[in-house]
Amino acid sequence: MNLILLGPPGAGKGTQAELLVERFKTPHISTGDIFRAAIKEGTPLGTEAKRYMDSGQLVPDEVVIGIVNERLLKSDCKNGFLLDGFPRTVPQADALDRFLQSNGRKIDAVINIEVESAVLLKRLTGRRVCRNCAAVYHIESKPAKNTGICDHCGGEVYQRDDDAPATVSKRLEVYAAQTEPLISYYRQKGILHSFDGIKPIKEVFEKVCQALGAIPQ
Ligand code: AP5
Ligand code: MG
Ligand code: ZN
């Protein structure tokens, strides 16, 4: 299945993606993770993306669209993919539709995770991620077994620069202005499935799996 994970910063897109990828063996394409990897490697893309990410702004559409199109052409995406953090503007969604159509493909479902702002702030300021494999942790609700070390790969677990409180507020503003319109965009297409993201991680996951199981393929 070709899937999109939609939701505000901190809704649990990356957390649910980890579980979905394990169950459905589908490639996880997170534009945020792609940019963080580019920053780590010190590539020109990383240098450009960092300017926007550190201030909580979106990387320009034309940069992101090109990267995702290229990724979707790789052979591992032939039988399905899970997009996380893309699209997040209407022009990105239009470009994705056109690109998939030209390849005889389409999005089967959009998983929209809903969580109120006060909870998002708490989740993001307590979040930690693995620098190596991007696994997601939380200092209170989902700590790594050994502080600072990833359970999965032994990599360094760190705090994202854009999880500083001032940057989080800006990201939430940007989400409301530029990404939230995608909810009605996909509802109109009849492929939106919304979930209460306040529920425990496993419960959200089971609800998502139930909904996906009911989608004809
Ligand atoms: P990106 O990396 O995509 O960040 P984001 O969308 O802001 O989302 P997050 O990764 O912060 O949150 P999440 O929903 O994945 O939550 P998580 O699972 O980690 O993008 C970063 C930046 O890159 C953007 O600001 C932009 O600059 C740029 N960018 C990326 N894509 C772009 C695009 N398409 N166009 C333009 N620019 C782009 O969970 C958060 C915390 O909550 C964790 O600690 C987790 O353990 C905890 N948690 C999760 N679920 C639950 C639960 N059910 N109950 C309790 N705790 C939970
Ligand atoms: Mg994420
Ligand atoms: Zn790791």
Filtered residues of segment 3-26 (kept if away from ligand 2 (no atom under 11 Å from the Cβ) and buried (at least 18 other Cβ atoms within 10 Å of the Cβ)): Leu3, Ile4, Leu6, Leu20, Thr26
Would a scan of segment 30-41 turn up a residue that is of a type in the set (S, T, N, Q) and modelled with pLDDT of 95 or more? yes
Per-region count, segment 143-164, residues within 16 Å of ligand 2 (Cβ to nearest atom) and surrounded by 16 or more Cβ atoms within 10 Å (Cβ to Cβ): 5
Under 18 Å from Met1 (Cβ atoms), away from ligand 1 (no atom under 14 Å from the Cβ) and aromatic (Phe, Trp, Tyr) - does that describe any residue in segment 85-95? no
Is it the case, given these coordinates, that Leu192 is touching a Phe, Trp or Tyr at 6+ places or on another chain (Cβ under 9 Å) and in contact (Cβ under 8 Å) with a residue 40 or more places away in the chain? yes
Can you run down the residue pairs with Cβ atoms below 8 Å, 6 or more apart or on separate chains, where the first is in segment 147-159 and within 13 Å of ligand 1 (Cβ to nearest atom) and the partner is among the basic types (Lys, Arg)? Asp151/Lys145; Val157/Arg128; Val157/Arg131; Tyr158/Arg128; Tyr158/Arg131; Gln159/Arg127; Gln159/Arg128
The correct count of residues that are surrounded by fewer than 16 Cβ atoms within 10 Å (Cβ to Cβ) and under 21 Å from Ala135 (Cα atoms) in segment 43-75 is 1
As an exercise: evaluate Asn112 against (1) within 16 Å of ligand 3 (Cβ to nearest atom); (2) assigned to a strand (DSSP E or B) and give the number of the one condition it does not meet. (1)
Give the number of residues within segment 111-148 that are touching a strand residue (DSSP E or B) at 6+ places or on another chain (Cβ under 6 Å) and among the hydrophobic types (A, V, I, L, M, F, W, C). 6
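The values are calculated or read from the model by the stated rules, or taken from the named source; none is laboratory data. The shown structure was predicted, so the numbers you read here are calculated from the model rather than taken from an experiment. Cβ atoms come from the backbone with ideal geometry, glycine included; neighbour counts cover every protein chain shown.
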